[in-house]
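J.: The following block contains the structure, expressed as structure tokens.
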Amino acid sequence: MTPRIQTPEAAFEEDLDRSLRPRRLEDFVGQEPLKAQLKVALEAAKQRGEALDHVLLAGPPGLGKTSLAQILAAELEVDFVQTAGPALERKADIAAFLSALEPGSVFFVDEIHRLSRALEETFYPAMEDRELPITVGQGAGARVMTVPLPPFTLVGATTRAGLLSRPLRDRFGIQHRLELYTEEELATIVRRSATILGCAVDPEGARVIARRSRGTPRVANRLLKRVRDYAEVRGSGVVDAAAAEAALELLEIDHLGLDRLDREILTAICERFDGGPVGLSTLAASVGEEQDTIEDVYEPYLMQVGFLKRTPRGRVATPAAFQHLGLEPSGSPGLF
Ligand code: ADP
């Protein structure tokens with residue numbers, strides 16, 4: 001398996017995630033349709049004494065996919081085993097995980113879209129028939145043996161459901177796309193996190209952070225920490241609107257929650273490419289960022305606020321984006 005190299009920033013985020021993660025379904029804010037669906041499925045599985053159906057969770061990073069997978073294990077009172085697509089390089093890696101599962105366990109595979117096609121296929125019989133075909137021996141003497149597996153629930157998380165092969169996707173009984181959170185929901189998450197961190201926050205302070213969190217709980221928690229630092233060092237110690245505004249300005253996060261890279265992406269499209277359309281790879285090269293990061297992390301929010309559109313010919317900035325950047329809209333009115 002590939003060792004993970006972690007930047008200090010990523011390690012900080014992981015610690016923060018762990019400490020603030022909701023533990024039960026009732027602590028998980030928002031995503032009401034999904035929660036309602038899961039509640040029924042959990043109850044039915046418990047009543048029948050069976051493993052929960054396999055679950056596929058799609059959506060941008062930081063929306064709560066890992067948290068939900070852990071919550072499912074907690075609600076079912078079963079083991080939670082976690083890995084990620086890129087860590088599974090060979091069939092034997094999957095076999096090692098699956099054959100060691102306690103009955104009923106939740107097996108969480110993050111970034112499941114990054115499994116190779118051949119490895120995806122290993123999951124088919126495991127998910128459907130709880131069997132793992134293993135080839136023993138080599139050449140003419142090779143035989144396929146079938147190893148029975150304990151009942152388990154595969155929870156797959158992906159930022160790109162579209163990259164999963166159809167047969168794999170179809171084997172998930174429950175499939176759901178998580179939506180960006182509303183300001184109200186994010187304010188609730190900020191208040192809950194502040195209580196866990198032991199910091200005082202007033203409702204307006206929570207609201208300012210929520211409004212600038214790009215619809216994403218992980219961002220809300222990160223900003224809360226930064227604002228708390230600011231409030232303690234420069235303010236009254238309370239996370240209020242004034243501390244939030246000042247701290248976010250220092251972080252170069254504007255009133256809509258756009259950070260420097262968001263603005264660079266928009267500026268590149270508006271100025272360098274005349275409003276677009278521009279292809280993703282050209283755009284990525286032009287701002288010096290990975291294509292995946294732009295597509296998974298930045299674009300969903302830029303589209304939600306109505307600044308960016310994906311078209312068959314590439315990315316296009318909207319007139320609202322020009323206006324937000326204080327630029328004159330380019331002259332290609334035919335695009336809208
Ligand atoms: P993902 O797996 O989708 O990247 P995570 O489950 O790791 O997201 O969530 C990131 C952090 O955001 C969690 O540690 C948790 O603190 C917070 N979070 C996410 N969703 C919610 C939610 N619905 N309610 C409360 N906190 C949440």
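J.: When you scan region 234-285, how many residues do you find that are assigned to a loop (DSSP other than H, G, I, E, B), under 30 Å from ARG313 (Cα atoms) and touching a helix residue (DSSP H, G or I) at 6+ places or on another chain (Cβ under 6 Å)?
T.: Matching residues across region 234-285 total 1.
J.: Follow-up question, since we're still on this one. What about ASP292, is it open to solvent by 20 Å² or more (accessible area, probe 1.4 Å) and under 21 Å from LEU223 (Cα atoms)? Spell out how you get there, then give the answer.
T.: Values: open to solvent by 20 Å² or more (accessible area, probe 1.4 Å): yes; under 21 Å from LEU223 (Cα atoms): no.
Against the criterion (open to solvent by 20 Å² or more (accessible area, probe 1.4 Å) and under 21 Å from LEU223 (Cα atoms)), ASP292 does not qualify.
J.: Name the residues in region 214-226 that are under 10 Å from GLU183 (Cα atoms) and more than 10 Å from the ligand (Cβ to nearest atom), would you?
T.: ARG214, GLY215
J.: Could you tell me which residue of region 38-73 is most open to solvent (accessible area, probe 1.4 Å), considering only residues that are farther than 24 Å from ALA220 by Cα and within 16 Å of the ligand (Cβ to nearest atom)? Quick ask: steps written out before the conclusion?
T.: Applying the first criterion (farther than 24 Å from ALA220 by Cα) to region 38-73 yields 38-56, 73.
Applying the additional criterion that residues be within 16 Å of the ligand (Cβ to nearest atom) yields 38-39, 55-56, 73.
Details: LEU38: 2, LYS39: 116, VAL55: 1, LEU56: 6, ALA73: 3 Å².
Taking the candidates together, the pick is LYS39.
J.: Quick one: would you say GLU77 is of a type in the set (Asp, Glu), free of Cβ contacts under 8 Å to residues at least 40 places away in the same chain and more than 16 Å from the ligand (Cβ to nearest atom)? Step through it out loud before you land on a result.
T.: Details: of a type in the set (Asp, Glu): yes; free of Cβ contacts under 8 Å to residues at least 40 places away in the same chain: yes; more than 16 Å from the ligand (Cβ to nearest atom): yes.
Answer is yes for this residue.
J.: Determine the pairs where a residue that is under 9 Å from ASN221 (Cβ atoms), located within region 13-26, has a partner that is more than 8 Å from the ligand (Cβ to nearest atom) with Cβ atoms under 6 Å apart, the partner being 6 or more residues away or on another chain.
T.: LEU20/ILE196
J.: Out of (1) closer than 26 Å to ASP17 by Cβ; (2) touching a Lys or Arg at 6+ places or on another chain (Cβ under 9 Å), what's the single condition that is false for ALA118?
T.: (1)
J.: I'd like the full set of residues that are in contact with a strand residue (DSSP E or B) (Cβ under 8 Å, 6 or more places away or on another chain), assigned to a loop (DSSP other than H, G, I, E, B) and not aliphatic (A, V, I, L, M), limited to region 92-106.
T.: Within region 92-106, GLY104, SER105 qualify.
J.: I'd like to check something: does region 158-173 contain any residue that is part of a loop (DSSP other than H, G, I, E, B) and within 29 Å of ARG228 (Cβ to Cβ)? I'd like the intermediate steps shown before the answer.
T.: Step one: filter region 158-173 for residues part of a loop (DSSP other than H, G, I, E, B), giving 159-160, 164-165, 171-173.
From the residues that got through so far, the ones that are within 29 Å of ARG228 (Cβ to Cβ) too are 159.
For region 158-173, residues part of a loop (DSSP other than H, G, I, E, B) and within 29 Å of ARG228 (Cβ to Cβ): present.
The values are calculated or read from the model by the stated rules, or taken from the named source; none is laboratory data. The structure displayed is predicted, hence computed values, not measured ones. All Cβ positions, even for glycine, are placed from backbone atoms using ideal geometry, and neighbour counts span all protein chains on display. Heavy atoms of the whole protein, side chains included, go into the accessibility calculation; ligands, DNA and RNA do not. Shrake-Rupley method; radii C 1.70, N 1.55, O 1.52, S 1.80 Å.
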